[in-house]
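Please read the structure below before turning to the comments.
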Amino acid sequence: MFLAMLTLTSSGRGTRLAQGLLAIVLAGALGIANAADREIDWLELMPEEDLNLLESMPEIEHDGDGPVTLPDEIMTGRVVPEMDGVTGRIPGFVVPLKTTDDMRILEFFLVPYYGACIHVPPPPPNQIIHVEYKEGFTLEALYDPVWIEGELVVENTENDVAKSSYSVVASKVERYQE
């Protein structure tokens, strides 16, 4: 195939085709996946400043003296501007915000761990993604993680449940599988 591309290129015909094919071959050889296959890590959504704050926090002890709260400095909702417009997928847990009569979830917060915003105080806003999914989907249980796929946008959403710094209009929501 590479020889055929060289022949097309050297003859002056099909240069664009040859370049396109070469790009596909190289991408395959290098293991480069399409943008939708990019897995976004939750820590990529936190600016370095917030990561440093988290790392310097003392260990949290759960001794029943009330809810655990994070320092105000982490709860500012700072974002990583370079993540705006990134297309990919990210796993997480669902906090439903809008459902249909038959319990299809249309709008939700995606959070990195089960129980966030429901049983425990919410994580920092840059660790919450507001998701809209027009098709809707159902879950057997809220502790079942999902993958969402779409374009990440830096956008604040706030309601009675929590505040998020990012949003996605999901092109796909599916049960989490490694």
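The residue that is nearest to residue 80 (Cα to Cα), counting only those in the range 138-158 that are in a strand (DSSP E or B), without any contact (Cβ under 8 Å) to a residue 60 or more places away in the chain and open to solvent by 20 Å² or more (accessible area, probe 1.4 Å), is 155.
Only one of the listed residues (115, 150) is at pLDDT below 95, small (Gly, Ala, Ser) and at positive phi. That residue is 115. In the range 117-128, of all residues being touching a residue at least 40 places away in the same chain (Cβ under 8 Å) and within 12 Å of residue 163 (Cα to Cα), the one that is surrounded by the most Cβ atoms within 10 Å (Cβ to Cβ) corresponds to 127. Exactly one residue out of 43, 30, 17 is loosely packed, with under 15 Cβ neighbours inside 10 Å and at pLDDT 95 or above, and it is 43. Take residue 92 and tell me if it is within 20 Å of residue 40 (Cα to Cα), surrounded by fewer than 21 Cβ atoms within 10 Å (Cβ to Cβ) and in contact with a helix residue (DSSP H, G or I) (Cβ under 8 Å, 6 or more places away or on another chain). Judged against the criteria, residue 92 is not a match.
Could you grab the pairs with beta carbons closer than 6 Å, sequence gap of 6+ or different chains, first residue in the range 41-63 and of a type outside the set (Val, Ile, Thr), second one at pLDDT below 95? Pairs found: 50/74; 53/73; 53/74.
The values are calculated or read from the model by the stated rules, or taken from the named source; none is laboratory data. As the structure is a prediction and not an experimental result, all values here were calculated from the model. Cβ coordinates were reconstructed from backbone atoms using ideal geometry, including for glycine residues, and neighbour counts include every protein chain displayed. Ligands, DNA and RNA are excluded from the accessible area calculation, which covers all protein heavy atoms including side chains. Shrake-Rupley method; radii C 1.70, N 1.55, O 1.52, S 1.80 Å.
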